[in-house]
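Here is the structure we will look at.
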Amino acid sequence: MLLSKMKKIWDYTTYNKPFFLLIFALFFILEYIADIYSDLTHIIPLLITSIIGMVVCGYGMVICRDKINNGSRLPKIIVKDIFIYGIFSFLVYVFYLMVQGYILDFISSLMHFPEFDLEDMLLELPKTINTLFSHNPVNALTFVIVGSILFYITTFFIEIALARLADTGSIISAFNIKGILTDINIIGWKDYGKEFSIIFLLMVFFAALKYIVIPVDILDNIWDVLLDLFIFITQFWGIGNIYSIIKEKKKIINGNC
């Protein structure tokens, strides 16, 4: 299942190889600019990095919309769509990530653990194991289980909210909690968890490959950006793929009514 999903993402990404190389080049340039201004706190650098973030996220939403509509290749660059989706998705992200952050930080402080981030915990296993073993085993196990469940549930809401935005173009639909719950119930929490876990593990896998260091700096930079691009595409392709399943199930349900 994992390899099958990886192949689908690879085929989608490289369907048009010249266009993929164009997207990679643009991604490389944007990451380079963002790195230059990332440590600066003046208003102009912050504005530049914010715009880059919104542009990248906007194209991610275009990928999500394309996959929802059963697209087979990276979508064309439409500046208007990218900026509109970028602004809307930024607002959605900020709201839901703040909620998720408050919930996970509360659990962490309650159990006297560092901030909970499941992806970081998986990527930094030695550090994670050391942290867990330095605490009471029961508290450590409870922390991991409760934190993982809350991470999954809150991320479920974030992803469906973004998918609804990509599908409808309406930011209001992304904050319709009742509608989001209905969508999750349609696919089923178990199936959603399975699909999400596959995408999540692929993202962790690509992120882990970044620990491979290439001796030549420029090649190492290209390697890192290439993996960042695959993480990015995997995330939004995955969101769109999950929501396409939901839409197909909606059609079946409506057809039976």
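The values are calculated or read from the model by the stated rules, or taken from the named source; none is laboratory data. Everything quoted here is computed from the prediction, not taken from an experiment. Cβ sites come from the backbone with ideal geometry, for glycine too, and all protein chains shown count toward neighbours. Just so you know, the surface numbers come from the protein's heavy atoms only, side chains and all, with ligands and any DNA or RNA stripped out. Shrake-Rupley method; radii C 1.70, N 1.55, O 1.52, S 1.80 Å.
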Just give me the residues in region 159-175 being assigned to a helix (DSSP H, G or I), without any contact (Cβ under 8 Å) to a residue 24 or more places away in the chain and open to solvent by 30 Å² or more (accessible area, probe 1.4 Å), in sequence order.
THR168, ILE172
Do we have ILE218 as among the β-branched types (Val, Ile, Thr), outside any loop (DSSP other than H, G, I, E, B), in contact with a helix residue (DSSP H, G or I) (Cβ under 8 Å, 6 or more places away or on another chain) and open to solvent by 60 Å² or more (accessible area, probe 1.4 Å) here?
no
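Report, by residue number, each residue of region 1-35 that is farther than 23 Å from MET203 by Cα and surrounded by fewer than 12 Cβ atoms within 10 Å (Cβ to Cβ).
Going residue by residue through region 1-35, those that are farther than 23 Å from MET203 by Cα are 18, 33.
Matches in region 1-35: PRO18 only.
Determine whether ILE77 is surrounded by fewer than 16 Cβ atoms within 10 Å (Cβ to Cβ), among the β-branched types (Val, Ile, Thr) and not in a helix (DSSP H, G or I).
Working: surrounded by fewer than 16 Cβ atoms within 10 Å (Cβ to Cβ): yes; among the β-branched types (Val, Ile, Thr): yes; not in a helix (DSSP H, G or I): yes.
For ILE77, the condition - surrounded by fewer than 16 Cβ atoms within 10 Å (Cβ to Cβ), among the β-branched types (Val, Ile, Thr) and not in a helix (DSSP H, G or I) - is met.
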Within region 239-257, work out how many residues are among the small types (Gly, Ala, Ser) and touching a residue at least 60 places away in the same chain (Cβ under 8 Å).
2
Of the numbered conditions (1) touching a residue at least 60 places away in the same chain (Cβ under 8 Å); (2) not in a helix (DSSP H, G or I), LEU91 fails exactly one; give the number of that condition.
(2)
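From the list ILE199, ILE171, ILE160, pick out the single residue that is over 16 Å from TRP237 (Cβ atoms) and of a type in the set (A, V, I, L, M). Break it down into steps so the answer makes sense when it comes.
Values: ILE199 fails: over 16 Å from TRP237 (Cβ atoms); ILE160 fails: over 16 Å from TRP237 (Cβ atoms).
Result: ILE171 is the single residue among ILE199, ILE171, ILE160 that is over 16 Å from TRP237 (Cβ atoms) and of a type in the set (A, V, I, L, M).
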If you go through region 1-46 one residue at a time, how many are over 15 Å from TRP237 (Cβ atoms), at pLDDT below 85 and aliphatic (A, V, I, L, M)?
6
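Suppose the filter is open to solvent by 30 Å² or more (accessible area, probe 1.4 Å) and either within 23 Å of MET6 (Cα to Cα) or at pLDDT 80 or above (or both); does TYR152 pass it?
Working: open to solvent by 30 Å² or more (accessible area, probe 1.4 Å): yes; either within 23 Å of MET6 (Cα to Cα) or at pLDDT 80 or above (or both): yes.
Against the criterion (open to solvent by 30 Å² or more (accessible area, probe 1.4 Å) and either within 23 Å of MET6 (Cα to Cα) or at pLDDT 80 or above (or both)), TYR152 qualifies.
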Need pairs with beta-carbon distance below 9 Å; first residue over 17 Å from ILE252 (Cβ atoms) and within region 178-199, second open to solvent by 20 Å² or more (accessible area, probe 1.4 Å) and outside any helix (DSSP H, G or I); sequence gap 6+ or separate chains.
LYS194/MET1; ILE198/MET1
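Report the residue count in region 176-194 for those that are among the β-branched types (Val, Ile, Thr) and surrounded by fewer than 17 Cβ atoms within 10 Å (Cβ to Cβ). Write out each step before concluding.
Step one: of region 176-194, the residues among the β-branched types (Val, Ile, Thr) are 177, 180, 182, 184, 186-187.
Filter once more, keeping what is surrounded by fewer than 17 Cβ atoms within 10 Å (Cβ to Cβ): 177, 182.
Going through region 176-194 one residue at a time, the tally reaches 2.
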Within the set of pairs 6 or more residues apart or between chains, which connect a residue that is more than 21 Å from VAL144 (Cβ to Cβ) and open to solvent by 20 Å² or more (accessible area, probe 1.4 Å) inside region 95-107 to a residue that is in a helix (DSSP H, G or I) and charged (D, E, K, R) with Cβ atoms less than 9 Å apart?
none
